[in-house]
Amino acid sequence: MLRIETKQPNRRHKLRFALQREVTYKVLEDDVVVDSGTGKTINIGSGGVAFSAAQPLKPGALLQLAISWPVLLNEGCSMRLVVFGRVLRSSTDRAACTVDKYEFRTQARIPQAIPAVPNDFMLRRWAGNVRKESARAASA
């Protein structure tokens, strides 16, 4: 059952939904994936995701989340929601990040293990675009 979190006072501008799903994450620094792990989402909204993490993540770090989606495509193909964002805050066992970009992808039928230091082209490309936009905004 899906429920809307309504704690007061709410510092968020958008609703978050309590949805517990498997998640894998990758953290990028200087075009290198420096950390990766697995966990579960705590809540999800259009502006951010809270999830469990094995260790604290550096606030401001760019990351990619791959979240198993609860609905099948055409009643038979597993989906995942891929989120690109920045770490907002982190503690010893949980983190929260923004949703700067997202896309749905089909998911392999057999779960794939995460390499110790994965190298992800999509994450690096998105991070490069973020840096370009920041440089343009700073020079304006």
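The values are calculated or read from the model by the stated rules, or taken from the named source; none is laboratory data. Not measured: the values here are computed from a predicted model. Glycine also receives a Cβ, built like all others from the backbone with ideal geometry; neighbour counts cover every protein chain displayed.
Quick look at the numbers
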| item | result |
| --- | --- |
| Residue count, the stretch 64-106 (criterion: β-branched (Val, Ile, Thr) and outside any strand (DSSP E or B)) | 2 |
| Residues located in the stretch 1-23, provided they are at pLDDT 90 or above and touching a Leu at 6+ places or on another chain (Cβ under 7 Å) | VAL23 |
| Within the stretch 71-90, considering residues that are of a type outside the set (Lys, Arg) and modelled with pLDDT of 90 or more, the one farthest from GLY45 (Cα to Cα) | SER90 |
| Pair list, Cβ under 6 Å, 6 or more apart: the stretch 123-140 residue in contact (Cβ under 8 Å) with a residue 24 or more places away in the chain and part of a helix (DSSP H, G or I), other residue of a type in the set (Ser, Thr, Tyr) and surrounded by 12 or more Cβ atoms within 10 Å (Cβ to Cβ) | none |
